[in-house]
Amino acid sequence: MKVLTVLTYYRPHTSGLTIYAERLARALAQRGHEVTVMTTRYDAALPLRESLEGVQVVRVPVLTRLSKGVIAPTFGWVATRLVHAHDVVHLHLPQFDAPGVAFRARLFGKRAVLTYHCDLQLPAGWFNRVVNGVVHFQNHLSGLLSHRVVTYTRDYAAHSPYLSRFAHKLTDILPPVTLPHVMPEAVAAFGRRHQAETRRPIIGMAARFAAEKGVEVLLDALPAVLERFPQAQVLFAGQHLNVMGEQAYADRLMPRIRLLEQAGQWTFLGNLDPREMAAFYSNLDLMVVPSLNSTESFGLVQIEAMLSGVPCVASDLPGVRQPVRMHGMGRIAAVGDSHSLAEAMVAVLSEPDRYRLNPKEIERIYSPDSVAAAYERLYEGRDLPG
């Protein structure tokens, strides 16, 4: 089967959406499908075409940026050619160009599957309100034109105004999650670099430094945690410099974080490759996901942490609370409530063995091959008529 995956950003851009799309594309290729990813050349240093682990990547040149999106004048022309050449089109939303691609799929008699990763909520301002409205309209058209709509969990779908419109097309598929094997020596070396022997417990957060991730909630919770665990430290993995649209947010929080850095209580790690991420998780005592709104629909990092035997504390958001609910490895905290977050963190750190389970079953549930097999059924129309 020839599968065309379409999304605005792809690797090396780092987000939960791009990681999901990359893992699924590779798993489909390993199952014998011809997989092409159509995306934008958001960085002029990236090649227009390349092959990555059996997946063909086609990047459309970008003329300019628009808020967190891009303007790519030739996107439609390239999409017409690629949709015609493939058997199925897989769209990843939110994405401005999705309805045009879905329309081409209908026009050429190709099956269109849409995965809705999360809501789009841009920072305050009249221009971003306009962009939000346009993208919501585009997402709605994409849902109308697609044959199937995929959500991570029914919990998120039940609370999503968007997904509730397409209940008759809805399929829930848990996301693909995997970690590379990392040698004990590499885990130990990572720990030595970050004072794991002297500063415990280690609290991890893995995200872009963005307002919706709730970094300030963790900052407000830390004094209570440090009172109980004076040697605790936070390791923050992910982009924290020059995050698109988040400079004002960073400027507001950085003075507080610099004080924690000076005290050895906070370290920015930057973007880590997969093996470094595996070593990162293996050194943690706790992962936190203090997200604030529906731009987070699950929190893949929770499963990655759980695969390493690390418990989590997550916000009580639809979808985001599901990993802890399903697997029992952690606690749930009230959204945006630093006191609740601190209580949950202290509770887990005080009784770590209570929240540690065998990760083998989790590994089976989220294996990219199992997820790819579920998508095959959608691509072939074997799930439901339509």
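Among the residues of region 130-159, count how many are of a type outside the set (Ser, Thr, Tyr), in a loop (DSSP other than H, G, I, E, B) and in contact with a Pro (Cβ under 9 Å, 6 or more places away or on another chain).
Applying the first criterion (of a type outside the set (Ser, Thr, Tyr)) to region 130-159 yields 130-141, 143-145, 147-150, 154-155, 157-159.
Right, trim to in a loop (DSSP other than H, G, I, E, B) and you get 147, 159.
From the residues that got through so far, the ones that are in contact with a Pro (Cβ under 9 Å, 6 or more places away or on another chain) too are 159.
Of the residues in that region, 1 qualify.
For region 283-346, give me every one of the strands (runs of 3 or more DSSP E) that falls completely inside it and has 3 or more residues that are modelled with pLDDT of 95 or more, of a type in the set (Gly, Ala, Ser) and closer than 28 Å to residue 181 by Cβ. Working first, answer last.
Values: elements: 286-289, 312-315, 330-333.
Per the criteria, no element qualifies.
Being assigned to a helix (DSSP H, G or I) and modelled with pLDDT of 85 or more is the filter here; which residues of region 106-129 pass it? Write out each step before concluding.
From region 106-129, those assigned to a helix (DSSP H, G or I) are 106-107, 126-129; that's our starting set.
Within region 106-129, 106, 107 qualify.
Return yes or no: is residue 103 surrounded by 16 or more Cβ atoms within 10 Å (Cβ to Cβ), assigned to a loop (DSSP other than H, G, I, E, B) and not aliphatic (A, V, I, L, M)?
Working: surrounded by 16 or more Cβ atoms within 10 Å (Cβ to Cβ): yes; assigned to a loop (DSSP other than H, G, I, E, B): no; not aliphatic (A, V, I, L, M): yes.
No, not satisfied.
Residue by residue through region 176-188, note down the ones that are surrounded by fewer than 14 Cβ atoms within 10 Å (Cβ to Cβ) and outside any loop (DSSP other than H, G, I, E, B).
Residues satisfying the conditions are 184, 185.
Could you list, ordered by first residue, the pairs with Cβ atoms under 7 Å in which the first is in region 202-217 and assigned by TED's automatic domain parsing to the domain that holds residue 310 and on the phi > 0 side of the Ramachandran plot and the second is surrounded by 24 or more Cβ atoms within 10 Å (Cβ to Cβ) and of a type in the set (Ser, Thr, Tyr), at least 6 apart or interchain?
Once the first residue is assigned by TED's automatic domain parsing to the domain that holds residue 310 and on the phi > 0 side of the Ramachandran plot and sits in region 202-217, its partners that are surrounded by 24 or more Cβ atoms within 10 Å (Cβ to Cβ) and of a type in the set (Ser, Thr, Tyr) give 214/291; 214/315.
Restricting attention to region 305-318, which residues are crowded, with 24+ Cβ neighbours inside 10 Å and either touching a Ser or Thr at 6+ places or on another chain (Cβ under 7 Å) or in contact (Cβ under 8 Å) with a residue 40 or more places away in the chain (or both)? Spell out how you get there, then give the answer.
First, the residues of region 305-318 that are crowded, with 24+ Cβ neighbours inside 10 Å: 305-306, 310-315, 317.
305, 306, 310, 311, 315, 317 - these are the residues of region 305-318 that are crowded, with 24+ Cβ neighbours inside 10 Å and either touching a Ser or Thr at 6+ places or on another chain (Cβ under 7 Å) or in contact (Cβ under 8 Å) with a residue 40 or more places away in the chain (or both).
Filter region 239-262 down to the residues that are on the phi > 0 side of the Ramachandran plot and in contact with a Ser or Thr (Cβ under 7 Å, 6 or more places away or on another chain) and list them by number.
Here is the first cut: in region 239-262, the residues on the phi > 0 side of the Ramachandran plot are 242, 245.
Selection gives 245 alone.
Name every residue in region 327-343 that is within 26 Å of residue 279 (Cβ to Cβ) and surrounded by fewer than 24 Cβ atoms within 10 Å (Cβ to Cβ), in order of residue number.
Step one: filter region 327-343 for residues within 26 Å of residue 279 (Cβ to Cβ), giving 327-331, 341.
327, 328, 329, 331, listed by residue number.
Of everything in region 190-227 that's at pLDDT 95 or above and loosely packed, with under 15 Cβ neighbours inside 10 Å, which residue is nearest to residue 13 (Cα to Cα)?
223
Determine whether region 256-271 contains at least one residue that is assigned by TED's automatic domain parsing to the domain that holds residue 212, in a helix (DSSP H, G or I), free of Cβ contacts under 8 Å to residues at least 12 places away in the same chain and surrounded by 20 or more Cβ atoms within 10 Å (Cβ to Cβ).
Keep residues of region 256-271 that are assigned by TED's automatic domain parsing to the domain that holds residue 212, which gives 256-271.
Cutting the leftovers down to in a helix (DSSP H, G or I) gives us 256-262.
Keeping just the survivors that are free of Cβ contacts under 8 Å to residues at least 12 places away in the same chain gives 258-259, 261-262.
Then drop every residue that is not surrounded by 20 or more Cβ atoms within 10 Å (Cβ to Cβ), which leaves none.
No: region 256-271 contains no residue that is assigned by TED's automatic domain parsing to the domain that holds residue 212, in a helix (DSSP H, G or I), free of Cβ contacts under 8 Å to residues at least 12 places away in the same chain and surrounded by 20 or more Cβ atoms within 10 Å (Cβ to Cβ).
Could you tell me whether region 356-373 includes any residue that is charged (D, E, K, R), in a loop (DSSP other than H, G, I, E, B) and at negative phi?
In the first step, residues of region 356-373 are kept if they are charged (D, E, K, R); the result is 356, 360-361, 363-364, 369.
Add one more test, that the residue is in a loop (DSSP other than H, G, I, E, B), and what stays is 356.
Applying the additional criterion that residues be at negative phi yields 356.
Looking for residues that are charged (D, E, K, R), in a loop (DSSP other than H, G, I, E, B) and at negative phi, one finds at least one in region 356-373, hence yes.
Does region 160-172 include one or more residues that are of a type in the set (Phe, Trp, Tyr), part of a loop (DSSP other than H, G, I, E, B) and at pLDDT below 95?
Yes, region 160-172 has at least one match.
Answer yes if at least one residue in region 151-158 is modelled with pLDDT of 95 or more, surrounded by 15 or more Cβ atoms within 10 Å (Cβ to Cβ) and in the same structural domain as residue 339 (by TED's automatic domain parsing), and no otherwise.
No - not one qualifying residue is present in region 151-158.
Among the residues of region 1-21, what is the count of those that are surrounded by 24 or more Cβ atoms within 10 Å (Cβ to Cβ) and closer than 24 Å to residue 270 by Cβ? Can you show your working first?
Looking only at region 1-21, we keep the residues that are surrounded by 24 or more Cβ atoms within 10 Å (Cβ to Cβ), and these are 3-8, 10, 21.
Retained after the next criterion (residues that are closer than 24 Å to residue 270 by Cβ): 7-8, 10, 21.
So the count comes out to 4.
The values are calculated or read from the model by the stated rules, or taken from the named source; none is laboratory data. Only a predicted model underlies this, so the values are computations on that prediction, with no experimental measurement involved. Heads up, the Cβs are rebuilt from the backbone with ideal geometry, glycines too, and the neighbour counts pull from every protein chain shown.
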